[in-house]
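The values are calculated or read from the model by the stated rules, or taken from the named source; none is laboratory data. Owing to the predicted nature of the structure, the values given are computational and were not obtained by experimental measurement. Neighbour counts run over all protein chains shown; Cβ positions are idealised from the backbone, glycine included.
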Amino acid sequence: MKRREAREALFALLFEMTFATPEEATVLYETECAETDRDLSDDYIRDGYKGVLADLEKIDELIASASKGWKLARLARVTLSLLRLGVYEMCFAGIPYHIAINEAVELAKVYGEDKSPGFINGVLNKIAELQGLKNTNG
């Protein structure tokens, strides 16, 4: 599976997670692997889902700090899922910030609302700046 396809599958899982209780979210990956025809066996998908789940509180704190005037509960689920994906990749998975941002923006163009790509770009760039990523890997 290509990385872009794996990223899109991970995004779909993260989107599904926004509808789940914390208890359901912990078993969502295994449930989806057993019940769907999608190939979710890719290490990137598994590690990414479990990584986002493990660091969800920190990821959401970073998003909240960079999206002034927006409460997480007000964000569209697609937007929130893409922001979580981008933050995870930049801050926890070692993906260079410019790649993580670009990929999240590209997915937003397909799945988000008209203003989603620009919003996601702005928030993720702010997080990259606040985390000092722009000075280290890209």
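Remarks
- Selection of region 8-51 for residues being under 11 Å from the mean Cα position of the chain (by Cα) and of a type in the set (Phe, Trp, Tyr) yields Phe11, Phe15, Tyr49.
Every residue, every condition in (1) over 20 Å from Ala64 (Cβ atoms); (2) surrounded by 13 or more Cβ atoms within 10 Å (Cβ to Cβ); (3) not acidic (Asp, Glu), yes or no:
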site	(1), (2), (3)
His98	yes, yes, yes
Gly112	no, yes, yes
Lys115	no, no, yes
Val123	no, yes, yes
Ala128	no, yes, yes
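- Each residue in region 11-54 was checked for being exposed (fewer than 12 other Cβ atoms within 10 Å of the Cβ), modelled with pLDDT of 85 or more and not in a helix (DSSP H, G or I), and 2 of them qualify.
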